[in-house]
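The values are calculated or read from the model by the stated rules, or taken from the named source; none is laboratory data. None of the values given here were measured: they were computed from a predicted structure. FYI the Cβ positions are ideal-geometry reconstructions off the backbone, even for glycines, and counts take in every protein chain you see.
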Amino acid sequence: MAYRFENGVMTVSGPSGSGKTLLVEKLRDLFAASGQEIEVFFAGEMLKEEKRKRGEGEIIDFFQRSQDTDRRIDQAQMEMLCCAQGPTIIDARLAGILATVERLDADKTGKEIPETYTVLVTAGKIRFKRLLKREGERGFKGNLKDITILTLDRENKDSMRWVEQHPELQGKNPFDKKLIIDGRQVYDEVIDTTEMTPEEVENRALSGMARRGFVRRE
């Protein structure tokens, strides 16, 4: 069955290893197979570019990026959330939060912005096994305990840095499925991939997009 992404911006957020990037890649390829090229933004690609400029390797999940890189990633997303000219998918950990902030601002100012569909992709401890497999293929030499400690340490540091840049996150978990900012629910859909296949995750996302009028079956 073919699908067409009608319009608007879909954001896919979630912690490392949850499967958000795989979901976005599958959706991009699905629409491309139907002859539709959509705009896709991967925050991870900007991180890889910074590492390449610094002459570092491909392992990125433990890389502590600079605040300047954070700002560049946020700005790229905000431009899409504000002014996307066609169907767009954003893959970034804070994309849903930025979409909510942009919508709140639009509601106050009357500014017209594209409709958004915010998805949170989560996973239990299996995400660390996924990270170990992925980063092992890139040259990581540690074990499951090592990658768990490194990932949690990085996420803790990221959270502290995010609060500095986004005060609305003070005292909040950005990946809380019931997260509310200024009275607005952040995530329209929550997908726990712990026991789901990539195909099941893709179908769940498509069903949610169809319910909200973002895609139609052809």
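Of all the residues in segment 164-180, those that are over 18 Å from the mean Cα position of the chain (by Cα) and either part of a helix (DSSP H, G or I) or surrounded by 15 or more Cβ atoms within 10 Å (Cβ to Cβ) (or both) number 3. Selection of first residues in segment 20-37 that are in contact (Cβ under 8 Å) with a residue 60 or more places away in the chain and of second residues that are hydrophobic (A, V, I, L, M, F, W, C) and part of a helix (DSSP H, G or I), restricted to Cβ pairs under 7 Å at least 6 apart or on distinct chains, gives the following pairs, ordered by first then second residue: L23/V201; L23/A205; L27/A205. Annotation: of all residues in segment 45-94 being modelled with pLDDT under 90 and hydroxyl-bearing (S, T, Y), the one that is farthest from the chain's Cα centre (by Cα) is S66. If you take the residues in segment 72-117 that are in contact with a Lys or Arg (Cβ under 9 Å, 6 or more places away or on another chain) and of a type in the set (S, T, N, Q), which one is nearest to V9 (Cα to Cα)? This residue is T116.
Looking only at residues of segment 129-146 that are in contact (Cβ under 8 Å) with a residue 40 or more places away in the chain and surrounded by 20 or more Cβ atoms within 10 Å (Cβ to Cβ), we find that the one that is nearest to M10 (Cα to Cα) is L131. Could you tell me whether segment 190-199 includes any residue that is hydrophobic (A, V, I, L, M, F, W, C), in contact with a Gly (Cβ under 9 Å, 6 or more places away or on another chain), buried (at least 17 other Cβ atoms within 10 Å of the Cβ) and assigned to a loop (DSSP other than H, G, I, E, B)? Checking segment 190-199: not a single residue is hydrophobic (A, V, I, L, M, F, W, C), in contact with a Gly (Cβ under 9 Å, 6 or more places away or on another chain), buried (at least 17 other Cβ atoms within 10 Å of the Cβ) and assigned to a loop (DSSP other than H, G, I, E, B).
Summed over segment 200-218, residues that are in contact (Cβ under 8 Å) with a residue 40 or more places away in the chain, part of a helix (DSSP H, G or I), closer than 15 Å to M1 by Cα and not aliphatic (A, V, I, L, M) total 1. If the condition is being farther than 24 Å from K178 by Cβ and not in a loop (DSSP other than H, G, I, E, B), then segment 108-127 contributes only T109.
Specify the residue that is surrounded by the fewest Cβ atoms within 10 Å (Cβ to Cβ); the eligible residues are those in segment 10-23 that are among the aliphatic types (A, V, I, L, M) and either in contact with a Pro (Cβ under 6 Å, 6 or more places away or on another chain) or farther than 18 Å from G213 by Cα (or both). Top of the filtered list is L22.
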